[in-house]
Amino acid sequence: MDNRPIGVFDSGLGGLTTVRRLHEAMPAESIIYFGDTGRVPYGTRSPETIIRYARQDVAFLRSFDIKAIVIACGTVSTVALDTLAAECDIPVIGVVWPACAQALRVTRSGRVGVIGTSGSIRSGVYERMLLTARPELRVFTRACPLFVPLVENGRVQRGDVVIETIVREYLSALKGEGVDTLILGCTHYPLLRSVIASYMGPDVTLVDAGAAAADAARGMLVPAGRGRGRTRYFVSDDPASFRQLAALFLDEEITEPVEQVEIASL
Ligand code: DGL
């Protein structure tokens, strides 16, 4: 039994979709969440900047006695996981391998699509990992940079002409390639699950990378004891706006205090 909290971080709010899954799958675990709301987005930045920010995020989480780190951010997972894992003496779990492992389990046709931020797709990490595991796969990728701001503006419902138009614009080529599995490689995309599923059709299985990482953490870590864990939230910008939008990602209100921290000085 290990009652130390799990540290979870993201460039902002989106990582709360992974916290939600951790709460469901491992209710006894305590969590320290850090959202870098003052510097979001990461997905448009250079690898050097993403690594620098991610190191500072990890340093903040490590100011607590945590047992592991879950990188909820798709962009950090693709660009900085190896660097962060090499620098840490506790497990560091990113979203890429858990998502790829799930995609490998579910694909029947061997045609797999991956969507994410520009930074994630530019990294080429998903193709490399999938093709190393199974060279005969066909992997099709697409950056979807407008999804994050649209989700944060609440444009997530089926029937919303704006999101449906952008979904069609981004996903028509992947649909045309006949993928049967689509990795949602960004924190925000699970909120678009129903719009994406309806566009891609019933034969396409959607893989939520953040949820896959939460499930992987469950399989890897020494669990906490019984009872309900406590989650503490920290952000680098206004806590009130984080709290306001958080319910969209967490599917419940945050009742705990949200504290603002000065991240860049760490
Ligand atoms: N959290 C980021 C990701 O999953 C999306 C938002 C951003 O670009 O920072 O890649």
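What follows draws every value from the coordinates through simple rules; no lab data is involved. Owing to the predicted nature of the structure, the values given are computational and were not obtained by experimental measurement. Using ideal geometry, Cβ is built from the backbone for each residue, glycine included, and neighbour counts are taken over all protein chains shown.
Using +1 on the beta carbon of Lys and Arg, -1 on that of Asp and Glu, and nothing else charged, what's the dipole of the range 62-154 about the Cα centre, debye to 20?
Here the size comes out at about 500 debye.
Compute, for the range 129-202, the length of the dipole vector about the Cα centre, with Cβ point charges of +1 (Lys, Arg) and -1 (Asp, Glu) only. Units Debye, rounded to 20.
Roughly 60 debye, rounded to the nearest 20.
Ranking SER172, SER118, SER123 by Cβ neighbours within 10 Å, fewest first, what do you get?
Ascending number of Cβ neighbours within 10 Å: SER172, SER118, SER123.
For the range 175-203 and the range 59-102, what is the separation of their Cα centres, given in Å?
25 Å
Mind putting a number on the dipole of the chain about its Cα centre? Charges go on the C-beta only, +1 for Lys and Arg and -1 for Asp and Glu, and I need it in Debye to the nearest 20.
Value, rounded to 20: 560 debye.
Taking only DSSP H segments of four or more residues, each worth -39500 (n - 2.57), what value at 222 nm results for the chain once the sum is divided by all its residues, to the nearest 500 deg cm²/dmol?
Roughly -13500 deg cm²/dmol at 222 nm, from the helical runs in the chain.
Toward the positive end of the charge dipole of the chain, about the Cα centre and with charges on Cβ (Lys, Arg +1; Asp, Glu -1), which of VAL261, PRO27, SER109 goes farthest?
SER109
Just want the ordering: ASP215, ASP57, ASP203, from fewest to most Cβ atoms lying within 10 Å of their own Cβ.
So the ranking, lowest neighbour count to highest, is ASP203, ASP215, ASP57.
How high is the relative contact order of the range 123-266, given as a whole-number percent (alpha carbon pairs under 8 Å, six or more residues apart)?
17 percent
Once both axes come from the Cα atoms, what is the angle between helix 74-87 and the longest principal axis of the chain, in degrees from 0 to 90, rounded to 10?
So the helix axis and the longest Cα principal axis differ by about 50 degrees.
Compute the signed sum of charges (Lys and Arg +1, Asp and Glu -1) over the other residues within less than 11 Å, Cβ to Cβ, of ILE51.
Once positives and negatives cancel, what remains is -1.
How big is the range 1-129 by the Kirkwood estimate over distinct Cα pairs, in Å?
About 15.2 Å for the range 1-129.
By counting other Cβ atoms within 10 Å of each Cβ, how are CYS186, CYS88, CYS73 ranked from fewest to most?
If I rank by nearby Cβ atoms, fewest first, I get CYS88, CYS186, CYS73.
Any idea which of GLY225, PRO149, TYR189 is furthest toward the positive side of the dipole for the range 132-245, if Lys and Arg beta-carbons carry +1 and Asp and Glu beta-carbons -1?
GLY225
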